[in-house]
Amino acid sequence: MSRHTAEILWTRGDQPFIDKRYSRRHLIRFDGGVEVAGSSSPHVVPLPYSAEDAVDPEEAFVAALASCHMLTFLQLAALKRLVVDRYEDAAEGELARKADGRMYVATVTLRSAVRFAGPDIPTTSELTALHHAAHEQCFIANSVLTEVRCEPRQSAD
């Protein structure tokens, strides 16, 4: 099997700490060398201690699910000899509280729009079946207990 890594780098510097008045901005470095600014969500930790222009863990979780679903979908479409010209997704995750009060990502909804080319354009039911198969085979969706909803739609353009 394969191994996937990410480094998370944060330093306090000269900021106070035990009073909780420190920046949550950090660096996320992936194994290929890509670096992304990370932070807590401003919905969880107020500004200026979080950073709006950085990726928070909840967003990264939603993005990982959406990206994995898309990559699996593209593979399945290619195997069916369907030509995909464009794929976009407006994925959204929602936080909720468990009975014990802990927060969790309760729902992730994928709202992909796919544009096909060529003579073989799938019907709505074939598109739905393709998304269902992609969801069933997505490594990330198979790794979480969060309900992941797929709401495919035909691209308008």
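The values are calculated or read from the model by the stated rules, or taken from the named source; none is laboratory data. Because the structure is predicted, anything quoted here is derived from the model rather than measured. Protein only, heavy atoms only, side chains kept; ligands, DNA and RNA dropped before computing areas. Shrake-Rupley method; radii C 1.70, N 1.55, O 1.52, S 1.80 Å.
Descriptive notes on the structure:
- Gaussian network model of the chain, Cα within-10 Å springs - most flexible of 147, 35, 52: 35
- Size estimate for segment 33-92 follows the Kirkwood approach: the inverse of mean 1/r over distinct Cα pairs works out to 13.7 Å.
- Estimated at 0.36 nm per residue, the fully extended path between residue 124 and residue 85 surpasses their Cα-Cα distance by 12.3 nm.
- The Cα center of segment 23-63 and the Cα center of segment 103-132 differ in position by 28 Å.
- Solvent-accessible area of residue 53 with every protein chain in place, 1.4 Å probe, in Å² to the nearest 10: 120
- Ellipticity estimate at 222 nm from DSSP helix runs (n ≥ 4, -39,500 (n - 2.57)) divided over the chain, nearest 500: -8000 deg cm²/dmol
- Size descriptors for the chain, from the alpha-carbon set: Rg then Dmax equal 18.9, 63 Å.
- Counting only DSSP beta bridges whose two residues both lie in the chain, roughly 75 percent are antiparallel.
- Accessible carbon and sulfur surface of the chain relative to its total accessible area, %, 1.4 Å: 54
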